[in-house]
1. Where Lys and Arg each count +1 and Asp and Glu each count -1, what net charge lies around Arg394 among other residues with Cβ under 11 Å from its Cβ?
2. Keeping all protein chains in the complex and leaving out DNA, RNA and ligands, what accessible area do you get for Glu365 with a 1.4 Å probe, in Å² to the nearest 10?
3. Along the Cα-to-C-beta direction of Glu233, a point sits 7 Å from the Cα; which residues of the stretch 68-87 have their amide N less than 11 Å from that point?
4. Under the Kirkwood approximation applied to all pairs of distinct alpha-carbon atoms, what is the hydrodynamic radius of the stretch 87-215 in Å?
5. Can you give the Kirkwood hydrodynamic radius of the stretch 223-369 from its Cα pairs, in Å with one decimal?
6. Cα centroids of the stretch 20-94 and the stretch 103-122: how far apart, whole angstrom?
7. Would you kindly derive the ³J(HN,Hα) couplings of the stretch 394-405 from the backbone phi angles with the Karplus curve 6.51 cos²θ - 1.76 cosθ + 1.60 (θ = phi - 60°), listing them in order in whole Hz, with x for Gly and Pro?
8. Name the residues whose placed amide hydrogens come within less than 5 Å of the amide hydrogen of Phe168, ignoring near sequence neighbours (fewer than 5 apart) on the same chain.
Amino acid sequence: MMKRTILLGLIFCLIISSCVKNGTNLDDLNSQLIDAIESNAYIKNLESLILPQSDDYQGIPQDPKNPITIEKIKLGQLLFHETALGRNAKMDEGMGSYSCASCHHSAAGFQAGVAQGIGDGGLGFGLKGEGRITNSNYNLQDVDVQPLRSPTVLNTAYQEITLWNGQFGATGMNTGTESEWKEDTPIATNEMGYQGVETQAIAGLKVHRMTVDESFVHENPEYRSMFDAAFSEFPTDQKYSNETAGLAIAAYERTILANQSPFQNWLNNRSNTLTSGELRGAILFFEKGECAECHNGPALNSMSFHALGMDDLKSNKGMVHGLDEGVKRGRGGFTKMEKDYYKFKTPQLYSIQESPFYGHGSSFESIEAVIRYKNKAQKENNGIADRYLSNSFRPLGLNDEEVADLTQFIKTGLYDNNLKRFLPQGVLSGHCFPNNDKISQRELGCG
């Protein structure tokens, strides 16, 4: 009996020492993470990293000109996925076959699932959007594609200005850029005075060949009462329009929050919702990895722009259209200021592994590849002069184990595995969504 007790004690000690050696003592790691966050100069406190619940309308950042209401959210959720909005397709066969969600769907973390999102002129879906291809009946120049990797709408409430170059939004950093709001261009939508989420939603409908007007609600009468409830203050002749549709879509988008991820659960409960590897990665995120310098706040993003020397879209990544120099110059392509050349907006980091493309140009295919690139800090785009590179683009000195831990934190610690909760059960037209072409119907099992 004595020998058995001693043996069990030795085994217990070995387990404990192994845990300490490998950094898996959860209590210690939890304490270290709290200290790492509270001592980080870019983080106010632990509470400042918490995402609100999606029904906490007062806690969600919103445009004062577009207060969030349940009526707008319900309408916006349907319109975001409604393929019947695709009424301006280049070819008859494209009519009613695409939606906002064609390039921003839950299966890909509200990204596209392909290197370059395709709306009108696209076919198929696959499992997570990876099966989307161009329709061979379309001329390539007529296919509607995203000019860069489709940014997610997840946690978009924490973006006052939107797109990789931040061109949409009349407030914040875009104050003073009015000279670039050219008439008869999508950027002119800024003249309406809304923040970026609203401006992008309104402009995006026209840009991506969708329309809401009196004829739309006439053809889809169930939507009329929803517009009436959401926008009772609008005159009848303005109530059914791209403006009101965009405002409803933006209200819905602001509620799409990754608030069920393990890290968010940890922040709310301080319980053991993170694994030892995720905890070690989180500590690195807020300390040695220097990630919080740019990725901070509830969405782990910021309204900062940086030139990190990443490549633009490449033909071998499935590029449909070439990029003009303005797009390649990022923020500088919008502001026309050399100090902004090749700078792109800092993205949010939640649930990003569902779409295997990273960087504004989809030049990376894994989270680990991005971390290794930033750890090494050697530009891949030789067309960008070193003088334009961000001061934040510097070697981090992470070893392979640290890269693995940091990857695990971002990949699984920030992963909300229940984004389907933001989907409607169906759209009022009865169409398939997010796409409604014949191939997508078959792959989605609808139609």
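The values are calculated or read from the model by the stated rules, or taken from the named source; none is laboratory data. Just so it is clear, the model here is predicted, and its values are computed rather than measured. Heads up, the Cβs are rebuilt from the backbone with ideal geometry, glycines too, and the neighbour counts pull from every protein chain shown. Surface areas here come from the heavy atoms of the whole protein model, side chains and all, with no ligands, DNA or RNA. Shrake-Rupley method; radii C 1.70, N 1.55, O 1.52, S 1.80 Å.
1. That works out to 0.
2. Near enough 110 Å² of accessible area.
3. Only 68 pass the distance filter.
4. Kirkwood hydrodynamic radius for the stretch 87-215: 15.4 Å.
5. Evaluated on the stretch 223-369, it is 19.0 Å.
6. Using only Cα atoms, the two centres lie 19 Å from each other.
7. My calculation for the stretch 394-405 gives 9, x, 9, x, 7, 8, 4, 5, 5, 4, 5, 5 Hz in order.
8. Thr162
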